[in-house]
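Visitor: The structure is given below, and queries will be raised subsequently.
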Amino acid sequence: MRTPSLFALIALAALLPGAALAKVDPRMSSVDPVVFGDTGDTRAFRVQLRGVDNAPSAGIVTLDFSGSPVRLEATQEAGTTVNCAAHTLSRPAGAFGQPDYGRAEFHPRFGGGCPGADVVVLGDGLVLAHVPARSTDLDGIGGTDLHDLALFSGAFLREAAGHPEMDFDGSGGTLGLGDLVLLGRAFLAGSGGSYCP
Ligand SMILES: [Ca+2]
């Protein structure tokens with residue numbers, strides 16, 4: 001009885017240091033400040049997982065939109081898993097030995113957004129950050145369409161300030177051409193609007 005137990009203990013001891021190093025540490029990991037929704041896969045949202053030793057760490061990254069009114073598209077880019085019931089997107093960070101070791105790069109497809117930091121970013125189940133969400137499909141209806149263009153044009157012509165939800169290029173401050181270009185690109189792409197049920 002004692003011999004297998006001893007072997008098991010030795011095996012466990014050999015595994016533990018590696019497991020401890022591989023564990024994701026929220027203090028060391030980094031997350032982009034805003035998650036932008038897109039249907040053309042041109043807007044990246046990057047998460048870098050790191051362990052307590054500040055070295056990259058593999059793991060699964062999850063974006064939890066359940067506390068926001070964001071409408072996830074039912075079809076996401078290759079490698080990203082959408083859970084419509086849970087309102088989450090997840091994808092694995094790059095594996096050890098790869099150039100993107102520990103990094104997950106999302107190009108999330110969704111409509112609507114939230115000005116508050118209501119999207120929870122998790123690495124291997126640990127909360128890394130809370131971030132706001134923004135998309136050119138402002139109303140979360142029908143993808144990026146004429147109505148969104150009208151909403152943007154109205155705000156742009158009236159006051160151009162105080163609309164963080166339309167700051168698509170993340171420049172801060174007033175609305176500008178950079179925001180319009182991104183909206184126009186999504187509009188011309190003509191995609192989006194096939195939301196999760
Ligand atoms: Ca829309």
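Visitor: Pairs please, first residue from the range 39-50 and more than 12 Å from Glu77 (Cα to Cα), second anywhere and surrounded by fewer than 16 Cβ atoms within 10 Å (Cβ to Cβ), Cβ atoms under 7 Å, 6+ apart in sequence or on different chains.
Guide: From the range 39-50, the pairs are Gln48/Ser30.
Visitor: Those residues that are over 19 Å from Gly170 (Cα atoms), exposed (fewer than 15 other Cβ atoms within 10 Å of the Cβ) and more than 6 Å from the ligand (Cβ to nearest atom), I need them from the range 127-154; list them, please.
Guide: Answer for the range 127-154, where residues must be over 19 Å from Gly170 (Cα atoms), exposed (fewer than 15 other Cβ atoms within 10 Å of the Cβ) and more than 6 Å from the ligand (Cβ to nearest atom): Val127, Leu146, Ala150, Gly154.
Visitor: Just give me the residues in the range 126-142 being under 18 Å from Leu180 (Cα atoms) and small (Gly, Ala, Ser), in sequence order.
Guide: Passing the criteria: Ala133, Ser135, Gly140.
Visitor: Looking at (1) in contact with a Leu (Cβ under 8 Å, 6 or more places away or on another chain); (2) more than 16 Å from Asp64 (Cβ to Cβ); (3) exposed (fewer than 14 other Cβ atoms within 10 Å of the Cβ), which is the one condition that is false for Cys84?
Guide: (2)
Visitor: With on the phi < 0 side of the Ramachandran plot, assigned by TED's automatic domain parsing to the domain that holds Phe36, over 12 Å from the mean Cα position of the chain (by Cα) and not in a loop (DSSP other than H, G, I, E, B) as the only criterion, which of Val121, Val131, Val127, Val82 stands out?
Guide: It is Val127.
Visitor: If you don't mind, there's one more thing I want to ask. What number of residues within the range 103-118 satisfy the criterion of being away from the ligand (no atom under 14 Å from the Cβ) and either out of contact with any Pro (no Cβ under 9 Å at 6 or more places or on another chain) or on the phi > 0 side of the Ramachandran plot (or both)?
Guide: Of the residues in that region, 4 qualify.
Visitor: Which count do you get for residues in the range 138-172 that are assigned to a loop (DSSP other than H, G, I, E, B) and of a type outside the set (Phe, Trp, Tyr)?
Guide: 18
Visitor: Let me ask something else about it. Looking at Gly37, Gly18 in this structure, which one is modelled with pLDDT under 95 and closer than 21 Å to Asp118 by Cα?
Guide: Just a single option satisfies the conditions, and that option is Gly37.
Visitor: Could you say which residue among Arg103, Arg71 is under 16 Å from Val121 (Cα atoms), under 14 Å from the mean Cα position of the chain (by Cα) and modelled with pLDDT of 95 or more?
Guide: Arg103
The values are calculated or read from the model by the stated rules, or taken from the named source; none is laboratory data. Not measured: the values here are computed from a predicted model. Reconstructed Cβ throughout: ideal geometry from the backbone, glycine too, with neighbour counts over all protein chains shown.
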